[in-house]
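Here's the structure we're looking at; comments come further down.
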Amino acid sequence: MLLLALDTATPAVTVALHDGTDVIASSSQVDARRHGELLLPAVDRVLAEAGLRLDAVTGIVAGTGPGPYTGLRVGLMTADTFGLALGVPVYGVCTLDGLALAADLEEPFVVATDARRKEVYWARYADSRTRLTDPAVDRPADIAGQVAGVPAVGAGALLYPDTFPRAHGPEHGSAAALARLAAERLAAGEELPAPRPLYLRRPDAQVPKNYKVVTPK
Amino acid sequence: MPDEPLVLGIETSCDETGVGVVRGTTLLADAVASSVDEHARFGGVVPEVASRAHLEAMVPTIDRALKEAGVAARDLDGISVTAGPGLAGALLVGVSAAKAYAYALGKPLYGVNHLASHICVDQLEHGPLPEPTMALLVSGGHSSLLLSSDITSDVRPLGATIDDAAGEAFDKIARVLNLGFPGGPVIDRYAREGDPGAIAFPRGLTGPRDPAYDFSFSGLKTAVARWIEARRAAGEEVPVRDVSASFQEAVVDVLTRKAVRACKDEGVDHLMIGGGVAANSRLRALAQERCEAAGIRLRVPRPKLCTDNGAMVAALGAEMVARNRAASDWDLSADSSLPVTDPHVPGHGHSHDHVHEVSKENLYS
Ligand SMILES: [Zn+2]
């Protein structure tokens, strides 16, 4: 098994290679505005570090968000197209699950990333491998009751200390953690879903009521 | 000819997910998935809706194009993609797909200009472009007069709209008339039964001191809307056919008059018209008439090649390969305001040879 994992759903552009036993190479660069430019060179670097070619990969793992759409799509489109060109399966894993695994906690906690517009993408976990709730997008103050008293990880938690007083790292998505999760689940005989973007919000668009009259009154 | 470059082109600058395959100047496939129906109720293209649709449609559309062309991905000589101008988020989906596809196949990547692609597509219809080529590009996003001596390296803007694009004016007037979105085809239809001389709408920027090759459609749009509102205020019925025909006549009169003048001034004996508005029947007819009168040869591709599509991007990509232009780098960006003077986005280093850094060879060689 050789999995190539990508995640661009948070400010980090992250790439990792997993050989079925462990992560053998990885890269993470934090730059929220340059996902499109950074991802392919990062893949190239990670492959070079492992001394492997892309056609050795047996599966692609993509972080499905939730995350800011434009960046999220860079990873998903890249993963889908790699899958097409190489004829290998593409698996989707929730980006928050990767953060949860990277947090390495054995107690209940919350993962929250920055959803901009004063909101967070978040979910609750029983431990690092067990998510309890579907990912959601909310204003921190509106979920304070649901996240009270437990530790929180992710940049969204660190941004809003009033709601998440016990916030700490890791801050951003991790392809290495996604690759580990996918490798574990595949080894356990689980089927992984095809990647579907978790947008959680409708596109901003309003149906116009009527055109604006131009004749001066 | 079998030794002509075989190129797959990807276009996602607006609401069409286009994937085309060409061999040199021969069209092999033109697969398009449009999200236009999803935008109709918003009266215009919603960028986020378009971007989501591109992500969904891309892989099936690439598949369809290759099947239609009857070629295998490993036989491609290059992948080209619209790098700009266009909607930033939409462009980025196509650029991401093209980079991943080119990288995985070990093929060179060419980020190309959307406007230059609109011109180059005519090679698939009428053979190699004359040099220089005069081009009138008219669509919902652009209205420009361009002169190109080499479509891969030299595109010179002579003029452009200073406000609305021509296609935008069609959309807005259709909305005032409650005809829905997009406006071009429906206004064309009504206009055929109307009198183009019924109402004298203004011709923007046609005065003796106005810039010779620039366009303006904002004043026309306002004049038409006021005319309609006055009828409505007076409780009169709006003659939709005559308004459509008279408005359309004002647009195509200015477009063709300026395009023919540019040809004469520059001593160019042919004119190509591209972009979605080139599908307008009156524009085609009047351009034909005026070009004939002026001894200019008119080249207009079939309507499906005028609207946004992947074949036009493939056509320009094939020309880049044929003329040995430098490929783009793996960090190619989507540039929503890529200048028309940049037909493509070459890589910055010379060391980059577009094969895998590790293997130093083509994956399939
Ligand atoms: Zn266009």
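Just tell me the longest site-free run in chain B, where the sites are chymotrypsin sites (Phe, Trp or Tyr not before Pro) in a DSSP loop having at most 16 other beta-carbon atoms within 10 Å.
Formally, the longest exposed-site-free interval is B:43-363.
For the charge dipole of region B:1-112, defined by +1 on Lys and Arg C-beta atoms and -1 on Asp and Glu C-beta atoms about the Cα centroid, which residue among B:18, B:5, B:44 has the Cα displaced farthest towards the positive pole?
The residue sitting most towards the positive pole is B:5.
Roughly how many debye, to the nearest 20, is the charge dipole of region B:151-247 about its Cα centre, given +1 on each Lys and Arg Cβ, -1 on each Asp and Glu Cβ, and no other charges?
Using only the charged Cβ atoms, the result is roughly 100 debye.
In Å and on Cα atoms, what radius of gyration and Dmax does region A:1-110 show?
Looking at region A:1-110, its Cα Rg and Dmax stand at 13.4, 42 Å.
Please give the total accessible area that chains B and A bury against each other, computed with a 1.4 Å probe and expressed in Å² to the nearest 100. Mind dumping the intermediate values first?
Values: alone 15250 and 11240 Å², together 22740 Å².
Chain pair B/A: roughly 3800 Å² of buried accessible area.
Could you pull out the longest piece of chain B with no exposed loop GluC sites (Glu not before Pro) in it, calling a site exposed if DSSP puts it outside H, G, I, E, B and it has at most 15 other Cβ atoms within 10 Å?
It runs B:1-192.
Taking the Cα centre of the protein assembly as shown as origin, work out the dipole magnitude from +1 charges on Lys and Arg Cβ and -1 charges on Asp and Glu Cβ, in debye rounded to 20.
1680
Tell me, what % of the accessible area of region A:57-175 is carbon and sulfur with a 1.4 angstrom probe?
Of the solvent-accessible surface of region A:57-175, carbon and sulfur hold 47 percent.
Can you give the helix-only mean residue ellipticity at 222 nm for chain B, where every DSSP H stretch with n ≥ 4 adds -39500 (n - 2.57) and the sum goes over all residues, rounded to the nearest 500 deg cm²/dmol?
Helix contribution divided over all residues of chain B: -13000 deg cm²/dmol.
For a label point 7 Å from the Cα of residue A:58 along Cα→C-beta, name the residues of region A:5-49 whose backbone N is under 19 Å from it.
Inside the label zone: A:5-6, A:16-25, A:47.
Using θ = phi - 60° and the Karplus relation 6.51 cos²θ - 1.76 cosθ + 1.60, list the HN-Hα couplings for region A:48-58 in order, rounded to whole Hz, with x at every Gly or Pro.
Karplus values, whole Hz, x for Gly and Pro: 4, 4, 8, x, 10, 9, 4, 6, 7, 5, 9.
Using the charge dipole of region B:127-220 (Lys, Arg: +1 at Cβ; Asp, Glu: -1 at Cβ; taken about the Cα centre), state which of B:207, B:181, B:134 has its Cα farthest towards the positive end.
B:181
What size of dipole, in debye to the nearest 20, comes out for region A:64-217 about its Cα centre when the only charges are +1 on Lys and Arg C-beta atoms and -1 on Asp and Glu C-beta atoms? Can you show the working numbers first?
Values: 17 positive and 17 negative charges, 209 e Å.
Magnitude of the dipole: close to 1000 debye.
What number, rounded to the nearest 500 deg cm²/dmol, is the helix-based mean residue ellipticity at 222 nm of chain A, given -39500 (n - 2.57) per DSSP H run of at least four residues and division by all its residues?
Values: 6 runs with 69 residues, N = 217.
The per-residue figure over chain A is -10000 deg cm²/dmol.
Any idea which of A:174, A:164, A:205 is furthest toward the positive side of the dipole for region A:155-216, if Lys and Arg beta-carbons carry +1 and Asp and Glu beta-carbons -1?
Value computed over the given set: A:205.
Find how many whole Å separate the alpha carbon centroid of region B:324-339 from the alpha carbon centroid of region B:1-75.
19
Report, in degrees rounded to the nearest 10, the 0 to 90 angle that the Cα long axis of helix B:88-105 makes with the longest principal axis of chain B.
Long axis of B:88-105 versus the principal axis of chain B: about 30 degrees.
Let me make sure I get this right: for chain A, a, b and c are the square roots of the gyration tensor eigenvalues over alpha carbons, sorted descending. Under 1.5 in a/c it's rounded, otherwise prolate if a/b > b/c, else oblate. Which is it? List each step's numbers first, then the result.
Details: a/c = 2.08, a/b = 1.27, b/c = 1.64.
Judged from the Cα gyration tensor, chain A comes out oblate (a/c at least 1.5, b/c at or above a/b).
Sort out for me the Cα centre separation of region B:288-315 from region A:56-75, rounded to whole Å.
Each part reduced to its Cα centre gives a spacing of 40 Å.
Using label points projected 7 Å from each Cα along Cα→Cβ, tell me how many nm separate residue B:131 and residue B:162, to one decimal.
Spacing of the two 7 Å Cα→Cβ label points: 3.5 nm.
Given a Förster radius of 41 Å and the C-beta distance between residue B:189 and residue B:348 as r, what FRET efficiency does 1/(1 + (r/R0)^6) yield to the nearest 0.05?
0.25
Given the C-alpha centroids of region A:150-212 and region B:103-177, what is the distance between them in whole angstrom?
Computed from Cα coordinates, the inter-centre distance equals 39 Å.
Averaging over all projection directions, find the projected area of the Cα convex hull of the protein assembly as shown and quote it in nm² with one decimal place.
The orientation-averaged projected area of the Cα hull of the protein assembly as shown comes to 29.6 nm².
Can you give the relative contact order of chain B as a percent, counting alpha carbon pairs under 8 Å and 6+ residues apart?
Value for chain B: 26 percent.
For peptide B:55-65, compute the average count of partner chain beta-carbon atoms within 10 Å of each residue's beta-carbon. Mind dumping the intermediate values first?
Details: counts 9, 3, 0, 5, 7, 1, 0, 4, 1, 0, 0.
Neighbouring Cβ atoms belonging to other protein chains average 3 per residue here.
Are there trypsin sites (Lys or Arg not before Pro) in region B:159-193 that DSSP puts in a loop and that have at most 16 other Cβ atoms within 10 Å, and which ones?
B:192
Measuring with a 1.4 Å probe in the full set of protein chains, what accessible area per residue, in whole Å², belongs to region A:1-122?
31
By how many degrees, 0 to 90 and rounded to 10, does the Cα axis of helix B:240-266 deviate from the longest principal axis of chain B?
Between helix and principal axis, roughly 60 degrees.
How many partner chain Cβ atoms sit within 10 Å of a residue's Cβ in peptide A:30-37, on average, as a whole number?
Mean inter-chain Cβ contacts per residue within 10 Å come to 3.
Compute a Gaussian network model of chain B, connecting alpha carbons closer than 10 Å, and tell me which residue from B:88, B:285, B:97 fluctuates the most.
Largest GNM mean-square fluctuation: B:285.
What part of the accessible area of region B:160-254, given as a whole %, is carbon or sulfur when the probe is 1.4 angstrom?
Answer for region B:160-254: carbon and sulfur cover 48 percent of the accessible area.
Once you put a point 7 Å from the Cα of residue B:178 and another 7 Å from the Cα of residue B:302, both along the Cβ direction, what distance in nm separates them?
Each label point is offset 7 Å from its Cα along the Cβ direction, giving 3.8 nm.
How big is the accessible area of residue B:258 in square angstrom, nearest 10, if you roll a 1.4 angstrom probe over the protein chains?
Counting only protein heavy atoms, the figure is 10 Å².
Can you give the mean number of other chain Cβ atoms that lie within 10 Å of the Cβ atoms in peptide B:172-180?
Working: counts 2, 1, 1, 4, 5, 1, 2, 0, 0.
If you average over the peptide's residues, the count of other-chain Cβ atoms is 2.
Where both residues lie in region B:1-118, what percent of DSSP beta bridges are antiparallel, nearest 5?
60
Report, to the nearest 10°, how far helix A:175-187 tilts away from the longest principal axis of the Cα atoms in chain A, using its own Cα long axis and a range of 0 to 90°.
For A:175-187 against chain A, the angle is about 60 degrees.
Can you give me the distance in nm between label points at residue A:49 and residue A:201, each placed 7 Å from the Cα along the Cα-to-Cβ direction?
Calculated label separation equals 3.2 nm.
The values are calculated or read from the model by the stated rules, or taken from the named source; none is laboratory data. All of these numbers come straight from a predicted model, not from anything done at the bench. Here the Cβ is made from the backbone with ideal geometry for all residues, glycine too, and neighbour counts use every protein chain on show. All accessible areas refer to the heavy atoms of the entire protein, side chains included, with ligands and DNA or RNA removed. Shrake-Rupley method; radii C 1.70, N 1.55, O 1.52, S 1.80 Å.
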